[in-house]
């Protein structure tokens, strides 16, 4: 169904005109094991202090989630391959004034 309409011949159209198979599977990777550990700059973190943000994170999944955009290429890389650059630290400001 698309836009509230049933498209009974859509599958045939996809297969005949776009030469795509809807039967193929391309499983996502189980985990992103190739993510480099964070490089922690202690001097920077000390200078940053802890007054203007609620928390900071060095957790792998948070670093991954804040290291890519939402364009098709980046979502594809996130699902099937390695993200080339991953941030080292995620900092959550207390407010927009603190950004």
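Just so you know, all these numbers are worked out from the coordinates, no wet-lab data involved. In this text the structure is predicted, and so the values were computed from the model without any measurement. When we count neighbours, we look across all protein chains shown, and the Cβ atoms used for this are built from the backbone with ideal geometry, even at glycine.
Table for the structure above
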item	result
Ascending count of other beta-carbon atoms within 10 Å, so fewest first, for 60, 9, 52	9, 52, 60
Relative contact order (%) - criterion: Cα under 8 Å, at least six apart; region: the chain	32
Packing-based ranking, highest mean first, of 18-25, 33-40, 80-87 given that Cβ atoms within 10 Å are counted	80-87, 33-40, 18-25
Distance (nanometres) between label positions extended 7 Å along Cα→Cβ at residue 5 and residue 73	3.3
Whole-number Å³ per residue for the convex hull built on Cα positions in segment 1-58	221
Cα shape, the chain, gyration tensor, a/c 1.5 rule	prolate
Residue among 32, 59, 15 with the largest mean-square fluctuation in a Gaussian network model of the chain, springs linking Cα atoms under 10 Å	15
Approximate spin-label separation residue 94-residue 17, in nm, with each point projected 7 Å along Cα-to-Cβ	5.8
Cα centroid of segment 1-16 to Cα centroid of segment 63-99, whole Å	35
Segment residue 81-residue 42, length gained on full extension (0.36 nm per residue, minus Cα span)	11.0 nm
Efficiency of FRET from Cβ geometry, residue 26 and residue 55, R₀ 35 Å, rounded to 0.05	0.45
